[in-house]
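Structure, as structure tokens:
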Amino acid sequence: MSSSPPDLLFGLRNSFYLGAFQAAINNSDVPNLSTDDAIERDSLVYRSYIALGSNQLVIDEINSSAPTALQAVKLLALYLSGDKGSAISSLREWLSDAAIGHNPILRLVAGIIYMHEQDYNEALKHTNTGGTMELLALNVQIYILMHRSDYAEKQLKAMQQIDEDHTLTQLANAWLNLAVGGSKIQEAYLIFQDFSEKYQMTGMILNGKALCCMHMGRFDEAEALLLEALNKDAKDAETLANLIVCSLHVGKSASRYLSQLKLAHPDHILVKRISSAEDSFDRAVQDFALRRD
């Protein structure tokens, strides 16, 4: 009985999923890749650059002759760099093209962009059929944002049937546990703890552990984890947002973190709520804390 060929992109995917974006870029020189694997490798590398804020590099390097998957990643870079109108216009055009509209990376990018737009029903039109672990994981995130944990759980079960130990399955499980709350918080914490013992500690893992600690009332521990995350990336939106919430709970000023968040991420949902004249600062932060997924 022949064994299955080695998954040459396992380490690269794992680094990307867990937020070790620079490591994904640094370790992307993988030899002997098939054409499809090379395209997947390139899409993960360019998405890592996007996650690090290097949108213009992606826009400049991906030309019009690149494969559909990379063109889709370029659309995401255009959207996140502020060129939202033309990015969404091109996205709609490509999704309606029978020749490329079913490309899984194009559908994934559509889901991400419409999720950013908070148009969750439109996002699900393109992601709900699944087909890849990333699409299923994105469905879990979207349903959590829609406060439909029941539908998120169905997507998670589909992932568990495919590969219960997959990094994305474990992450989706942790996200859902955080959304459900109660006794599930401890389960989520153990997932992030397991990641922190197995893999490079990243801002994503630290934020995950910190969120669990905040839900369990362990704010001093959460603050320490978030400060460690801030040392890794002083401009990370989720770290700054979580520090604002955590600081208020431990009786410390959050004004510096709020200033940093406003400067680096003026469109962040917490900034918008705090800036709203109808909401007091405290009420906005408390509401944001309750809605964390």
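The values are calculated or read from the model by the stated rules, or taken from the named source; none is laboratory data. Please read all numbers here as calculations on a predicted model, not as lab measurements. Here the Cβ is made from the backbone with ideal geometry for all residues, glycine too, and neighbour counts use every protein chain on show. When the accessible area is computed, the model is the full protein with side chains, heavy atoms only, and any ligands, DNA or RNA have been set aside. Shrake-Rupley method; radii C 1.70, N 1.55, O 1.52, S 1.80 Å.
Once you compute Rg and the Kirkwood Rh from C-alpha atoms, what is the Rg to Rh ratio for region 19-110?
In region 19-110, Rg relative to Rh is 0.97.
First check a/c for region 142-225, with a ≥ b ≥ c the square roots of the eigenvalues of its C-alpha gyration tensor; if it is under 1.5, answer rounded, and if not, answer prolate when a/b is larger than b/c or oblate otherwise.
Taking the square roots of the gyration eigenvalues as a ≥ b ≥ c, region 142-225 is oblate.
Give the span of the chain's Cα atoms along each principal axis, as three whole-Å numbers ordered largest to smallest.
Taking the Cα atoms of the chain, the three principal extents are 56, 49, 37 Å.
Can you tell me which of Thr167, Thr202, Thr129 moves the most in a GNM of the chain? Springs connect C-alpha atoms under 10 Å apart.
Of the options given, Thr129 has the highest mean-square fluctuation.
If ligands, DNA and RNA are left out, what is the accessible area of Phe10 with a 1.4 Å probe, given in Å² to the nearest 10?
Rounded to the nearest 10, the figure is 110 Å².
Any idea how far apart Ala99 and Val250 come out in nm if each label point goes 7 Å out from Cα toward Cβ?
5.7
Across 10 Å bins from the origin, how do the percents of Cα pairs in region 93-195 run, short distances first?
The calculated distribution, bin by bin, is 17, 45, 29, 8, 2.
Hey, what did region 1-111 get for relative contact order, percent, Cα under 8 Å, at least 6 apart?
The value is 19 percent.
For the chain, with a Gaussian network of springs between Cα atoms less than 10 Å apart, report the residue from Gly111, Gly182, Gly130 with the top mean-square fluctuation.
Highest fluctuation among the options: Gly182.
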